[in-house]
Each structure stands twice: as structure tokens, then as C-alpha cells.
1. Out of the DSSP beta bridges found with both residues in the chain, what percent are antiparallel (nearest 5)?
2. Quick one: 53, 116, fewest Cβ neighbours within 10 Å first, how do they rank?
3. According to the Kirkwood expression over distinct Cα-Cα pairs, how big is the hydrodynamic radius of the chain, in Å?
4. Determine the gain in length on full extension of the stretch residue 51-residue 63; use 0.36 nm per residue of separation and subtract their C-alpha separation, reporting nm with one decimal.
5. Contact order normalised by length for the stretch 31-111, with contacts defined as Cα pairs under 8 Å and 6 or more residues apart; what percent is it?
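Values quoted throughout were computed directly from the atomic coordinates according to the rules given, and no laboratory measurement underlies them. Everything quoted here is computed from the prediction, not taken from an experiment. Using ideal geometry, Cβ is built from the backbone for each residue, glycine included, and neighbour counts are taken over all protein chains shown.
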């Protein structure tokens, strides 16, 4: 099997996932040489919030690239901005809101790789 080891941003097609955010898979085991993790860019439009959800197995990192947001992580609620990184442990309810008039854009790293089947809407 010829696995893709490199992707270009323009070739990563955007689509909507279960939580309502729009993502571009930059690396994922289903399509690339990655085996144990996935990497995606996520966009939450200005003034919108992802659906509250959790992942049973996946640990995620969100690294904020653009915009400002409010993160709900379990019982905590806090603001995030450019340069912030958030660790989301498995089975932790979470959602993020894009504050202000700019979209919120962040990198999402998942281990094991993101799966719709591992995502439970709450």
C-alpha cells in the first residue's frame, strides 16, 4: 500500500464533524502514513459553539492559531487565545465557543486518531 507521507493544505478537504466544527485532516491513519494519531485544523465560526461531547479513548490537544474562545472542559470554563494549548483527557466533556467577530481556528491532535465512533454527543 502506498501511504501518503506528506499533505498540502490545499489538498486537505474541509468537512463538518459530529461536534459541528469544520475540520481539515492534515494527517489521519485512514489516508496517510500516520498510525497512532491524527492531526487536523478545526474552525469554529464567529459566535458559534461546538456541541458538548466527549471521546471515550482519545486524548486531544487543541492549539489555538487564530481568534479567541471560551473552553468548557469538564466542570471548568476558561478563555483561550492565540498560542494557548489545551489538553483534553479521554471521557472529559468539552466544547468551545468562538468569541467576538472572528472565527476560531486551532490545530487538533488526537491519540489515538479521531473517530466518529469514539465521539459521544452529550
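1. On the way: 43 of 44 bridges.
Restricted to the chain, the bridges split so that about 100 percent are antiparallel.
2. Values: 53 17, 116 7.
Exposure proxy ranking, most exposed first: 116, 53.
3. 14.5
4. Length gained, residue 51 through residue 63: 2.5 nm.
5. Once normalised by length, the contact order is 47 percent.
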